[in-house]
Amino acid sequence: MDATLISDAVIIQNLLVKRGAFALRDIDVRVPTGFVTGVVGPNGAGKTSLIKALLGLIAPDEGTITLFGAEHPGNRAAQQRIGVVLDRVTAMPEWHVGSIGRRIGPLYAEWDEELFRGLLERFEIPADNRVDALSRGQSVKLSLAMALAHRPQLLLLDEPSSGLDPVARRDLADIIREFMVDPSHTVLFSTHITSELDELADHIIVLNDGLVAFAGMLDELHERFAIVRGRPPFPDEARPATIGLRFESSGVYEALIRTEDTARFGPDTVIDAASTDDVVVHFAEHARSARHSARDGGPAAPGKESNR
Amino acid sequence: MQIVLLSSSAVPIYEQIKTQIRDAIHGGDIAEGAFLPSLRQLAAELRVSIITVTRAYNDLVAEGLARNEHGRGFVVCTVDAAAIRRALSERIDRAVAELVAAGRAARMESDDIIRKVEIEWTRH
């Protein structure tokens, strides 16, 4: 099967993943082939659970995950085609970097030792270092070298830039862009740094409280949402149109709205373009106030904010 | 062709890419029938996302400056000299209108503006 023929490297349908009190639910998203998808959301939004479910590391309670057109997990052929960068290197701490190819290479049909050595050199990771002697930046780069050395078509990275200095972060972004020069390649990475998305991501999944707040191309996100700001009094009839409504002590209010609701706000308000950051922050605010009003016995705000 | 992006500019990145490629085509730096840089290669070089370059290229196609030869890349279309002259002259008209508006806002005399233009002109 040729991966270039499949327009979505990953299709997630109706996914439910329970993790104690937390649940990732009603997840219906696609990861388009040939593009970089960013998964963004505040801490605890479910980003890592989503990536672990994609890898088959946690089993879904409901729903299906399709990778390269075949249902997953338990699909070994798909695993071969995924390169993974998690928060910890998947190598034993006492191993020497140079021995990794010999140890894990045989697990992969396409392991390219020459490419692996080349990446180590480029990333300036000495082959005679032990895995546990590497800095955070070096560990991420080692994970990347291991992920790329078996020539994957899909690269999954969980918060790869956390703990990296600006130089290492730029190197990481450059490597992802180089990987993407091949149109059959796909990247999915999670982050809570929204500026990274604007520079790198084509497609974005905004997770909030276990739900998908938005999924679509990044420019679509900017077309779909806007920020409204105004002086008091707040037009109460427009409250249902707001997401994450916030009042300053002066009474000035700010909220995220859908662009089609712009007309519900008077001429004395300011409508501004919404940044990726605005979308993430206001959805989080919205979920928090919904939780509070549910706890106080008030009417629970609608939890689901999906575009599908 | 060298594209230089200004990330602090109010002009969106895709617009900056489009304008600079358009200028390169108008100025003859990219010949008719030549391929534009590979979209993905350019995204990697400029450190921008793939959709940003896609959007710039799609706009160039919409303007009739390039065409998408699927699977091979984007090719610069036959350059219509009259259309280029028209586009360049429209650009000058827009810039002059902006210059005059800025000058009026600053309550400057037209002589001062002309002097500034002459200084800028001889600077390059």
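The values are calculated or read from the model by the stated rules, or taken from the named source; none is laboratory data. Bear in mind the structure is a predicted one, so any value in this text is a computation, not a measurement. Glycine also receives a Cβ, built like all others from the backbone with ideal geometry; neighbour counts cover every protein chain displayed. What goes into the accessible areas is simple: the full protein's heavy atoms, side chains included, and nothing from ligands, DNA or RNA. Shrake-Rupley method; radii C 1.70, N 1.55, O 1.52, S 1.80 Å.
Helices (runs of 4 or more DSSP H) wholly in the range B:12-95 with at least 1 residues that are closer than 30 Å to A:S275 by Cα and touching a Phe, Trp or Tyr at 6+ places or on another chain (Cβ under 7 Å) - which ones?
B:39-46, B:50-62
Just give me the residues in the range B:80-98 being within 16 Å of the chain's Cα centre (by Cα) and open to solvent by 50 Å² or more (accessible area, probe 1.4 Å), in sequence order.
The answer is B:R85, B:R86, B:L88, B:S89, B:E90, B:R91, B:I92, B:D93, B:R94, B:A95.
Out of A:D277, A:D272, which single residue is of a type in the set (D, E, K, R), closer than 23 Å to A:G41 by Cβ and touching a helix residue (DSSP H, G or I) at 6+ places or on another chain (Cβ under 6 Å)?
That would be A:D277, the only listed residue that is of a type in the set (D, E, K, R), closer than 23 Å to A:G41 by Cβ and touching a helix residue (DSSP H, G or I) at 6+ places or on another chain (Cβ under 6 Å).
Would you pick out the residues in the range A:65-85 that are at pLDDT 90 or above and open to solvent by 40 Å² or more (accessible area, probe 1.4 Å)?
Residues satisfying the conditions are A:R81, A:V84.
Show the residue pairs that are 6+ apart or on different chains and have beta-carbon atoms under 6 Å apart, the first residue being within the range A:253-277 and in contact (Cβ under 8 Å) with a residue 40 or more places away in the chain, the second being not in a strand (DSSP E or B).
A:I271/A:T262; A:T276/A:T194; A:T276/A:L197; A:T276/A:D198; A:D277/A:T194
If A:S162 satisfies all but one of (1) modelled with pLDDT of 90 or more; (2) open to solvent by less than 50 Å² (accessible area, probe 1.4 Å); (3) of a type outside the set (A, V, I, L, M), what's the number of the condition it fails?
Among (1) modelled with pLDDT of 90 or more; (2) open to solvent by less than 50 Å² (accessible area, probe 1.4 Å); (3) of a type outside the set (A, V, I, L, M), the lone unmet condition for A:S162 is (1).
Among (1) in contact with a helix residue (DSSP H, G or I) (Cβ under 9 Å, 6 or more places away or on another chain); (2) modelled with pLDDT of 90 or more, there is one condition B:A95 misses while meeting the rest; what is its number?
Of everything listed in (1) in contact with a helix residue (DSSP H, G or I) (Cβ under 9 Å, 6 or more places away or on another chain); (2) modelled with pLDDT of 90 or more, B:A95 misses just condition (1).
Just checking, how many residues over the range B:48-72 are surrounded by fewer than 16 Cβ atoms within 10 Å (Cβ to Cβ) and not polar (S, T, N, Q)? Step through it out loud before you land on a result.
Step one: list which residues in the range B:48-72 are surrounded by fewer than 16 Cβ atoms within 10 Å (Cβ to Cβ), which gives B:61-64, B:67-72.
Keeping just the survivors that are not polar (S, T, N, Q) gives B:61-64, B:67, B:69-72.
Residues meeting the conditions: 9.
Just a yes or no: is a residue in the range B:53-62 under 19 Å from A:I176 (Cα atoms) and within 14 Å of chain A (Cβ to nearest Cβ)?
yes
Name every residue in the range A:153-171 that is within 14 Å of A:V36 (Cβ to Cβ) and touching a Gly at 6+ places or on another chain (Cβ under 9 Å), in order of residue number. Break it down into steps so the answer makes sense when it comes.
Residues of the range A:153-171 within 14 Å of A:V36 (Cβ to Cβ): A:153-157, A:160-161.
Scanning the range A:153-171 gives A:Q153, A:L154, A:L155, A:L156, A:L157.
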